[in-house]
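Where a number appears in this text, it was derived from the coordinates with a stated rule and is not lab data. Since the structure is predicted, the reported quantities are computational estimates derived from the model, not experimental observations. Cβ atoms come from the backbone with ideal geometry, glycine included; neighbour counts cover every protein chain shown.
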Amino acid sequence: MLLSAVLHTYSLRYLLPAALMLGAAPPYLLAWGCWRALSTMLPERLYRRGDDQLYTVYQSMVLFFFQHYTGVQIILYGDLPKKENIIYLSNHQCTVDWIVANMLAVQQNALGHVRYVLKDGLKFLPLYGWYFSQHGGIYVKRNAKFNEKKMRNKLLSQVKAETPMYLVVFPEGTRYNPEIPKVITDSQAFSMKEGLPVLKHVLTPRVKATHVAIDAMQDYLDAVYDITVAYEGTTDQAGQRKEAPSMTEFLCKECPRIHIFVERVDLRDIPKEQIFMRRWLHERFENKDKLLTEFYEAADPERRNMFPGNGHHTKLSLKRTVPSLILLTGLTAGMLCTETGRKVYVGTWIYGTLLGCLWVSISA
């Protein structure tokens, strides 16, 4: 009985935050739908500004749970410049990587500008899959099925609308997970086949999405942010790297600190041709591999779990997250307090999901 009580208490650590974040999706989508309808006669850029403000509200609530609720410490190496139009290139280890992009963007007052290049299968997520596409997210297929023209056209339409851009790309294409060694060995075999240096702590990056993004928006972007992320506590007793925390584990406060190494790369320093950009991108990931090797395997134990240089803690004020939490929780509770509201709430989940899946199947 005691064990059951402990497990129940443990589950509540993530069930409550998950219920509130997921539960707020229908009222948020309805609010966005109202804005979309009201803005039909306005210029596209004005609709985008309103959409970015709404997105900021929702993601601020998400950050309340992933930063304030968990108490995680964010240690930043390097300085974040002023708000810019950028591409965010990062290593990919777990689903929390998506939230890390928010953690950096909010420091630059650019939270609403975050848009993702996403794996194609994610477009069928209930409600979220469709909305991410509406917000400017781009779904891509791998290898020969990659649709360069569709991605390019969507990016150009956003440039035309003067959409602020904080485009998140994970060039590895899939997560690095030491507990799935086949993915790692296949990636290393690909590097050897292509005559590229073999990487240990990251996967071999694929260049297509990165090249299309930079090529399509080269006159609109200010820079590329090269981001390396490490989650503290992801080694076993023997010092071997293990799987990074899932969202559930993270919300259960199993990650004490996130280390983020930031390097700003000027567009002028990036080759334009894909064949040369491919080599440049691999070199960036060689740098990540060296950083992560030092982080996990430094000969001096005091230098482990640290990146080179001086890291500084970044703090997020409760004023940036609590108002959004109160607003969205209030809207959700208000809908669920009446019979009509409950019917609309359930209908939004059911019909919004069905219509969203149909929409993304045709257009995304």
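The table that follows gives values for the structure above.
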| item | result |
| --- | --- |
| Positive-pole candidate from G233, P301, S324, dipole of the chain, charges at beta carbon | S324 |
| Nitroxide proxy distance, nm - points 7 Å out along Cα→Cβ at S157 and T235 | 4.7 nm |
| Relative frequency of Cα-Cα separations exceeding 35 Å in the range 2-363, percent | 25 percent |
| Net charge dipole size for the range 42-97 [Lys, Arg +1 and Asp, Glu -1 on Cβ; Debye, nearest 20] | 160 debye |
| Local electrostatic count at F64 - Lys and Arg +1, Asp and Glu -1, tallied over other residues with Cβ under 13 Å | +2 |
| Where a label projected 7 Å from the Cα of S363 along Cα→Cβ would reach, residues of the range 165-206 with amide N under 18 Å | none |
| Computed FRET value (nearest 0.05) for T329 with N287, which takes r as the C-beta separation and R₀ as 35 Å | 0.25 |
| Test item: Cα-centred dipole of the range 2-363, Lys/Arg +1 and Asp/Glu -1 on Cβ, debye | 900 debye |
| Rounded if a/c under 1.5, otherwise prolate or oblate - the range 206-256, Cα gyration tensor axes | prolate |
| Proximal lysines to K160, defined as alpha-carbon separation beneath 27 angstrom and excluding residues fewer than eight positions away on the same chain | K82, K83, K119, K123, K141, K145, K149, K150, K208, K272 |
| Descending Cα extents along the principal axes, the range 97-216, whole Å | 42, 30, 29 |
| Nearest-0.05 FRET efficiency for I350 and R264, computed from C-beta distance (R0 51 Å) | 0.70 |
| Charge sum, other residues only, whose C-beta stays under 12 Å from R284's C-beta, Lys/Arg counted +1 and Asp/Glu -1 | -3 |
| Footprinting exposure proxy for R48, R342, R13 (fewest neighbouring C-beta atoms within 10 Å first) | R342, R13, R48 |
| Three semi-axes of the equivalent ellipsoid, the range 133-191, Cα gyration tensor, whole Å, largest first | 30, 13, 9 |
| Projected area averaged over orientations for the range 261-336, convex hull of C-alpha atoms, nm² | 10.1 nm² |
| Most to least packed among 204-211, 251-258 [average Cβ atoms within 10 Å] | 204-211, 251-258 |
| Rounded to whole Hz, the Karplus (6.51, -1.76, 1.60) HN-Hα couplings of the range 340-352, x for glycine and proline | 4, x, 5, 5, 5, 4, 5, x, 5, 4, 6, 6, x |
| As computed over the range 44-144, the Cα convex hull volume per residue (Å³) | 137 Å³ |
| Percent RCO, i.e. relative contact order, over the chain, from Cα pairs under 8 Å lying at least 6 residues apart | 28 percent |
| E297 paired with Y220, simple spin-label distance in nm, labels 7 Å along Cα-to-beta-carbon | 4.1 nm |
